[in-house]
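Questions regarding the structure given below will be posed in turn.
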Amino acid sequence: DTEVTQTPKHLVMGMTNKKSLKCEQHMGHRAMYWYKQKAKKPPELMFVYSYEKLSINESVPSRFSPECPNSSLLNLHLHALQPEDSALYLCASSHSGLRSTDTQYFGPGTRLTVL
Amino acid sequence: AQKITQTQPGMFVQEKEAVTLDCTYDTSDPSYGLFWYKQPSSGEMIFLIYQGSYDQQNATEGRYSLNFQKARKSANLVISASQLGDSAMYFCAMREGPNNAGNMLTFGGGTRLMVKP
């Protein structure tokens, strides 16, 4: 089973709202990732958690706040977003995040629209 | 310089025919991995196939095979017997180094494949 689930599938929010994106995997993976993808572009890495610790933050604005409550769950808290933050947000997981053969498995994504 | 280059923004292929999607990469690291992902219009990135830099044989997974030419730094994806459901965006990606903390992937710009009935 290589399933990564994400909720919600679609989200529309105003610039003053606070919302959260959720990601879950039950593959025993210890590395989890958040990506942002604009239309017709490849995904851009935002955050990496390895063994529940934030290991990479790719200079993401503080209005995006990641959280890894346990090895199976990854959240992305959103606050005071801008319309340009509208995008597809993809979650991924991999075995450990350290081996060259590690394959990242992606979830279906959350399509976010900021009004 | 681009690390992963996909030179075909869009391609058409007739149903049941084979198609090759090009990918060239640039790295000085002797240890790296190459990945192909499929992204249908629904948005999910689906892992297709992996090739390691030290692998002696080309990777195959069902109808997908990877034409790995190390000296040319190319890792083309071959899809045999195309199906309508193969219509999607395809991304080539690379992971460099044996100790790449965070398993960071570098993606190419993608190729949109359209299968004609």
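Take every residue in peptide B:43-54, count the Cβ atoms of other chains within 10 Å of its Cβ, and give the average of those counts.
For peptide B:43-54, the averaged partner shielding equals 4.
Over region A:1-67, what relative contact order in percent results from Cα pairs under 8 Å that are six or more residues apart?
Answer for region A:1-67 is 21 percent.
Find the accessible area per residue for region A:15-73; the probe is 1.4 Å, ligands and nucleic acids are left out, and the unit is Å².
Numbers: 3280 Å² over 59 residues.
Dividing the accessible area of region A:15-73 by its residue count gives 56 Å².
Moving to a separate point now. To the nearest whole number, what is the average tally of beta carbon atoms from other chains within 10 Å of the beta carbons of peptide A:43-49?
Neighbouring Cβ atoms belonging to other protein chains average 3 per residue here.
Now a separate question. Subtracting the Cα-Cα distance from 0.36 nm times the residue separation, let me have the gained length for residue A:20 to residue A:115 in nm, one decimal.
Fully extending the segment from residue A:20 to residue A:115 adds 32.6 nm.
Could you pull the accessible area for residue A:38 with a 1.4 Å probe, rounded to 10 Å²?
80
Relative contact order (percent) for chain B, with alpha-carbon contacts under 8 angstrom and 6 or more residues of separation? It would help to have the intermediate numbers written out before the result.
Numbers: 287 pairs, mean separation 43.7, N = 117.
Answer for chain B is 37 percent.
Over both sides of the B-A contact, add up the buried accessible area with a 1.4 Å probe and give it to the nearest 100 Å².
1900
Taking H placed 1.01 Å from N in the peptide plane, check which residues at least 5 places from residue B:90 or on another chain put their amide H under 5 Å from its amide H.
B:39, B:111, B:112, B:113
Just the Kirkwood number for region B:32-117, please: inverse of mean 1/r across all distinct Cα pairs, in Å, one decimal.
13.7
Indicate the gyration tensor shape class of region A:37-115 (rounded, prolate or oblate), computed on the Cα atoms with a ≥ b ≥ c the square roots of the eigenvalues: a/c under 1.5 is rounded; otherwise a/b larger than b/c is prolate and the rest oblate. If you can, show how the numbers build up before the last one.
Details: a/c = 2.03, a/b = 1.48, b/c = 1.37.
Note, shape of region A:37-115 comes out prolate.
List the chymotrypsin sites (Phe, Trp or Tyr not before Pro) in region A:18-88 that DSSP assigns to loop (not H, G, I, E or B) and whose Cβ has at most 14 other Cβ atoms within 10 Å. Which are they?
Numbers: sites: A:33, A:34, A:35, A:47, A:49, A:51, A:64; in loops: A:51.
When the chymotrypsin sites (Phe, Trp or Tyr not before Pro) of region A:18-88 are filtered for loop state and at most 14 Cβ neighbours within 10 Å, A:51 remain.
Residue B:81 to residue B:28: FRET efficiency via 1/(1 + (r/R0)^6), r the Cβ-Cβ distance, R0 45 Å, to the nearest 0.05?
After rounding to 0.05, the efficiency reads 0.75.
Now a separate question. Determine, from the Cβ-Cβ distance of residue A:70 and residue B:61 and an R0 of 25 Å, the FRET efficiency 1/(1 + (r/R0)^6), rounded to the nearest 0.05.
Numbers: r = 32 Å, r/R0 = 1.27.
About 0.20, to the nearest 0.05.
Of B:67, B:76, B:58, which has the largest mean-square fluctuation in a 10 Å C-alpha GNM of chain B?
B:58
With a 10 Å cut-off between alpha carbons and a GNM built on chain B, which of B:55, B:22, B:86 moves the most?
Its mean-square fluctuation being the largest, the pick is B:55.
Just to be sure I understand the model, the point goes 7 Å from the Cα along the line to the Cβ. What's the resulting residue B:114 to residue A:44 distance in nm?
2.8
Ok, one more. Within 10 Å of each Cβ in B:33-40, how many Cβ atoms from other chains are there, averaged over the peptide?
Mean inter-chain Cβ contacts per residue within 10 Å come to 3.
Let me ask you something else. With springs only between Cα atoms under 10 Å apart, run a GNM on chain B and tell me which of B:31, B:87, B:74 wobbles the most.
Sorting by GNM fluctuation, first place goes to B:31.
Pop out the carbon and sulfur fraction of the accessible area of region A:6-100 as a percent, whole number, probe 1.4 Å. Let's see the in-between values first.
On the way: 2370 of 4670 Å².
Accessible surface attributable to carbon and sulfur in region A:6-100 totals 51 percent.
So for region A:1-104, taking the charge dipole from beta-carbon charges (+1 Lys/Arg, -1 Asp/Glu), which of A:79, A:33, A:48 sits furthest toward the positive end?
The Cα lying farthest towards the positive end belongs to A:79.
Then there is this: Explain nothing, just the number: dipole magnitude of the protein assembly as shown about its Cα centre with +1 on each Lys and Arg Cβ and -1 on each Asp and Glu Cβ, in debye rounded to the nearest 20.
On the way: 23 positive and 20 negative charges, 87 e Å.
That gives the protein assembly as shown a dipole magnitude of about 420 debye.
Here's another thing I want to ask about it. Please give the per residue accessible area of chain B, computed with a probe of 1.4 Å over protein heavy atoms only, in Å².
47
In region B:1-107, if the dipole is taken from +1 on Lys/Arg beta carbons and -1 on Asp/Glu beta carbons about the Cα centre, which of B:45, B:65, B:24 is farthest to the positive end?
Comparing the listed Cα positions along the dipole, B:24 ranks first.
Now for a different question. So what's the convex hull volume per residue for the Cα atoms of the protein assembly as shown, in Å³?
125
Can you send over the carbon and sulfur percentage of the accessible area for chain B, probe radius 1.4 Å, protein chains only?
49
Could I ask something else about it? Using Cα-Cα distances under 8 Å and only pairs 6 or more residues apart, what relative contact order does region B:1-44 have, in percent?
42
The values are calculated or read from the model by the stated rules, or taken from the named source; none is laboratory data. Remember, predicted model here, so these are calculated numbers, not experimental data. Backbone-built Cβ (ideal geometry, glycine too); neighbour counts: all protein chains shown. Quick note on the areas: whole protein, heavy atoms, side chains included, nothing else; ligands and nucleic acids left out. Shrake-Rupley method; radii C 1.70, N 1.55, O 1.52, S 1.80 Å.
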